[in-house]
Amino acid sequence: MSQSFNTKTVHFKSEQHRPNNSKVTPIYQTSAFSFKDLDDVEAFYNGEKDYLYSRVGNPNPDELAHVVSNLENAPAGVSAASGLAAILVGVLSVCQAGDHILASTDIYGGTYELFETELTSFGIELSFVDFKDLNAVEQAVRPNTKLVYTESITNPLLYVEDLTAIVAFSNKHSLKTMVDNTFATPYLITPYDQGVNLVVHSATKYLGGHSDVTAGVLVGDKDLIQRARSKAIHLGPTLAPMEAWLTVRGVKTLALRMEKQVSNAEKLARTLLENPDVKTVYYPKNASPNGNGAIVSIDLNDTIDVKTFFQSLGFVKIIPTLAGVETTVSYPKTTSHRALSEEVRQSLGITTGLVRISVGIEDIKDIIQAFEQALTNSRK
Ligand SMILES: Cc1ncc(COP(=O)(O)O)c(C=O)c1O
């Protein structure tokens with residue numbers, strides 16, 4: 001029987017990892033597993049036993065990968081030490097030296113840096129293209145192109161990618177597609193259902209949900225996940241048991257948190273749209289039947305002193321992450337997108353007035369009041 005999303009966040013089959021019928025999977029806080037004799041060791045290599053050494057495999061990161069693949073409707077998954085580690089092993093499951101990646105320009109700055117600085121040093125070629133113009137993307141295809149990379153809702157300008165069109169274009173050229181679904185989460189968008197091969201998460205964000213863990217998850221086609229798992233084992237960024245356990249606990253309230261945060265974000269976006277001190281409100285439209293996400297970006301008018309604005313937000317703190325239960329703000333220009341040249345930032349719309357708001361679960365009246373007060377206090 002197929003289960004609905006909310007049910008899948010709390011019911012998942014992990015009984016084999018629950019000794020003594022414990023309700024919750026314990027934390028397997030161990031670096032290795034013991035064997036009664038050498039035949040028992042052989043049993044691991046013959047595939048009859050699951051665990052040998054925690055970098056190679058451990059029940060907690062495996063449980064997290066299982067839970068997220070289930071929510072994304074993907075057949076396989078692997079956990080990693082961070083979102084960037086999951087992106088790296090995902091890309092390396094498709095590309096090697098001499099291959100070419102087509103990536104969207106409008107992506108998280110850390111991913112941009114990983115691609116531009118590290119992947120090129122591995123001999124992987126790159127083109128950053130504006131994915132709003134799929135003709136331009138098509139023109140950038142080379143004979144050695146292997147992978148198309150983007151985000152389902154982009155960071156920080158919240159553009160909702162047309163995944164159906166991207167998959168159609170990728171299939172036409174026999175390319176694999178990989179999508180970062182961190183901002184949307186499977187509560188809003190399930191890219192694998194649309195034909196995407198690999199879906200990646202910074203589980204540090206909504207999946208964990210409480211800003212107390214750094215983790216990544218990659219789900220997708222079985223053969224690619226198998227290769228990504230080998231890359232993680234060889235390169236080392238596998239996920240620690242405690243971090244995986246915390247993330248699984250977080251996922252159990254994903255639907256509840258998203259419902260509240262999305263509803264708060266919609267109300268805040270609507271209010272800020274009316275405010276004369278806000279030049280532009282970036283908030284997705286028609287992202288999914290469950291709403292448009294819980295991130296709102298705003299471009300402040302010249303009437304506002306940006307530094308004073310950030311100092312006047314009361315309980316809303318400047319924190320260069322997103323997706324926790326508390327409303328927070330970040331300044332993409334000097335944090336997430338610092339690594340980009342000023343020219344690239346300008347062309348993307350990452351301006352001096354751009355503020356990224358991660359909307360939390362507080363009472364919406366308090367959130368709105370914090371922003372209205374900060375705008376009033378920081379008027380030049
Ligand atoms: C959309 C997106 N993808 C990936 C990452 C990287 O994740 P992590 O910090 O867990 O490595 C981030 C971090 O902010 C992000 O916003």
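Mean separation of Cα pairs under 8 Å and 6 or more residues apart, divided by the residue count, gives the chain a relative contact order of 18 percent. Taking every alpha-carbon pair under 8 Å whose residues sit at least 6 apart, region 254-377 reaches a relative contact order of 31 percent. Hey, what D do you get for the chain in µm²/s if you plug the Kirkwood alpha-carbon radius into Stokes-Einstein at 10 °C and 1.306 mPa s? Estimated diffusion coefficient is 74 µm²/s. If you take all other residues with their beta carbon under 14 Å from the beta carbon of residue 369, and give Lys and Arg +1 and Asp and Glu -1, the sum is -2. Sorted largest first by accessible area at a 1.4 angstrom probe radius, with every protein chain in place, the residues 66, 201 fall in the order 66, 201. Which net charge results for the neighbourhood of residue 300, defined as the other residues with beta-carbon distances under 13 angstrom from its beta-carbon, given Lys and Arg at +1 and Asp and Glu at -1? Cβ neighbours under 13 Å give a net charge of +2. Projected onto its three principal axes, the C-alpha set of region 107-171 covers 31, 30, 16 Å, listed from the longest axis down.
The C-alpha atoms of the chain define a longest principal axis, and helix 163-172 lies at about 50 degrees to it.
Once the Cα atoms are used to define both axes, helix 241-251 deviates from the longest principal axis of the chain by about 50 degrees.
Which pairs in the list 8/317; 231/333; 307/380; 132/317; 260/307 are over 23 Å apart, alpha-carbon to alpha-carbon? Show your work: numbers first, answer last.
Details: 8/317 33 Å; 231/333 33 Å; 307/380 11 Å; 132/317 32 Å; 260/307 29 Å.
Too far apart for the 23 Å limit: 8/317; 231/333; 132/317; 260/307.
Share of carbon and sulfur in the accessible area of the chain stands at 50%, probe radius 1.4 Å. Stokes-Einstein at 37 °C, 0.692 mPa s, Kirkwood radius from Cα pairs: D for region 270-380 in µm² s⁻¹? So the translational diffusion coefficient is about 227 µm²/s. In order along region 317-328, the phi-based Karplus estimate (6.51 cos²θ - 1.76 cosθ + 1.60, θ = phi - 60°) of 3J(HN,Hα) comes to 8, 7, 9, x, 9, 7, 5, x, 6, 9, 6, 9 Hz; Gly and Pro are listed as x.
Accessible surface for residue 345 stands near 20 Å², nearest 10, in the context of the full protein assembly shown (1.4 Å probe).
Accessible surface for region 5-251, divided over its residues, is 41 Å² per residue with a 1.4 Å probe. Residues whose amide H falls under 5 Å from that of residue 151, counting only those 5 or more places apart or on a different chain, are 180, with hydrogens built in the peptide plane.
Mean residue ellipticity, 222 nm, helices only, the chain: the sum of -39500 (n - 2.57) across DSSP H runs of n ≥ 4, divided by residue count and rounded to 500, is -10500 deg cm²/dmol. If you model region 50-95 as an ellipsoid using its alpha carbon gyration tensor, with each semi-axis the square root of five times an eigenvalue, the axes come out at 17, 15, 9 Å, biggest first.
Taking all protein chains together and rolling a 1.4 Å probe, residue 333 ends up with roughly 50 Å² accessible.
If I model region 147-225 as equal point scatterers sitting on the Cα atoms and use the Debye formula, what is log10 I(q)/I(0) at q = 0.25 Å⁻¹? Reported log10 I(q)/I(0), two decimals: -1.21.
For residue 199, the shell of other residues with beta-carbons less than 9 Å away shows a net charge of -2, using +1 for Lys and Arg and -1 for Asp and Glu. For region 5-146, the normalised intensity computed at q = 0.15 Å⁻¹ comes to -0.94 (log10 of I(q)/I(0), Debye sum over alpha carbons, equal scatterers, no solvent).
Taking the C-alpha atoms only, the angle from helix 59-72 to the longest principal axis of the chain is near 60 degrees.
The values are calculated or read from the model by the stated rules, or taken from the named source; none is laboratory data. Computed from a predicted structure; not experimentally measured. Counting neighbours? That spans all protein chains shown, and the Cβs are built from the backbone with ideal geometry, glycine included. Heads up: the accessible areas ignore ligands, DNA and RNA and are worked out on the full protein's heavy atoms, side chains in. Shrake-Rupley method; radii C 1.70, N 1.55, O 1.52, S 1.80 Å.
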